[in-house]
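Student: Before we start, here is the structure in question, set down as structure tokens.
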């Protein structure tokens, strides 16, 4: 499983699942092996692997195999893509209210 | 369609679709009627209504009917929930590197 290009559709889709968000939460703290990821989540190894594949395809997570151990890490570029999109929406939305505020405080020339 | 409680699973799921993101982009700029939303997106009114239902259920969009006209607005609380989750992940991830930086700059006592 090689690191893929970040795909915004897949990033948001991947984060719509609570188990996948729990995986991203754990990997934000530290890199973990697949086995260590599965234990506290109380789900099967096969289920974790499936969720990891979705996360890898989205570009949120990267995994590397050394011998028989696969280690999973957060891929911050994936988070950035989602953050940037949300930041842009908020900036646009807030500008609208700044303009409204300007209009309300402008002296009435009529 | 009344405004619903924000649901983080549904927020991220809703944003995983490019048409729904385009709707949120348009509504960040200004409130729009369903018809005005459908025109530039070049999709049927029925498709827009379906996407709006997903967006309303997630808590990202609010719609109000006055007479025969339904107006759609952004619901900033929906964006906030996603932003906060991403911010927390980034903060955790960056703290890890701050600690690593501290370790590397600490004087070697051996």
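Each value in this text was obtained by applying a stated rule to the coordinates, not by laboratory testing. As the structure is a prediction and not an experimental result, all values here were calculated from the model. Positions of Cβ are generated from backbone atoms using ideal geometry, with glycine treated the same way; all protein chains shown enter the neighbour counts.
Student: When a footprinting reagent is the concern and you count Cβ atoms within 10 Å, what order do A:61, A:69 take, fewest first?
Tutor: Going from sparsest to densest Cβ surroundings: A:69, A:61.
Student: Between Rg and the Kirkwood Rh of the protein assembly as shown, both from Cα atoms, what is the Rg to Rh ratio? If you can, show how the numbers build up before the last one.
Tutor: Values: Rg = 21.2 Å, Rh = 19.5 Å.
Rg/Rh: 1.09.
Student: Looking at the square roots a ≥ b ≥ c of the eigenvalues of the Cα gyration tensor of chain B, which shape do they give, rounded for a/c under 1.5, prolate if a/b is larger than b/c, or oblate?
Tutor: prolate
Student: Quick check: from the Cα gyration tensor, does the stretch A:21-79 come out rounded (a/c under 1.5), prolate or oblate?
Tutor: rounded
Student: Just counting partner chain Cβ atoms within 10 Å, what average do the residues of peptide A:55-63 show around their Cβ?
Tutor: 0
Student: What average count of beta carbons from other chains do you get within 10 Å of the Cβ of residues in A:100-106?
Tutor: Mean inter-chain Cβ contacts per residue within 10 Å come to 0.
Student: Oh, and also: In nm, to one decimal, how far is the modelled label at residue B:69 from the one at residue A:99, with both set 7 Å along Cα→Cβ?
Tutor: 1.8
Student: Find every distance from the label point of residue B:65 to the corresponding label point in the other copies (7 Å from Cα along Cα→Cβ) and write them in nm, one decimal, shortest first.
Tutor: 5.6
Student: Kindly put A:42, A:102 in sequence by how many other C-beta atoms sit within 10 Å of each C-beta, fewest to most.
Tutor: Ascending number of Cβ neighbours within 10 Å: A:42, A:102.
Student: Counting only other chains, what is the mean number of Cβ atoms within 10 angstrom of the Cβ of each residue in peptide B:37-47?
Tutor: Numbers: counts 0, 0, 0, 0, 0, 0, 0, 0, 0, 0, 0.
Mean shielding count: 0.
Student: Separate question: In degrees from 0 to 90, rounded to the nearest 10, what is the angle of the helix A:76-105 Cα long axis to the longest principal axis of chain A?
Tutor: The two axes meet at around 10 degrees.
Student: May I pose another question? How far apart are the residue B:80 label points across copies, placing each 7 Å from Cα toward Cβ, in nm, shortest first?
Tutor: Reported distances to equivalent positions: 2.8 nm.
Student: Something else about it: Would you mind ranking A:51, A:13 by Cβ crowding within 10 Å, fewest neighbours first?
Tutor: Details: A:51 23, A:13 20.
Going from sparsest to densest Cβ surroundings: A:13, A:51.
Student: Now for a different question. With r as the distance between the Cβ atoms of residue A:91 and residue A:41 and R0 = 25 Å, compute the FRET efficiency 1/(1 + (r/R0)^6) and round to 0.05.
Tutor: 0.10
Student: What are the semi-axes of the equivalent ellipsoid of the stretch B:60-110, taken as the square roots of 5 times the eigenvalues of the Cα gyration tensor, listed largest first and rounded to whole Å?
Tutor: Details: eigenvalues 502, 5, 4 Å².
So the equivalent ellipsoid measures 50, 5, 4 Å along its semi-axes.
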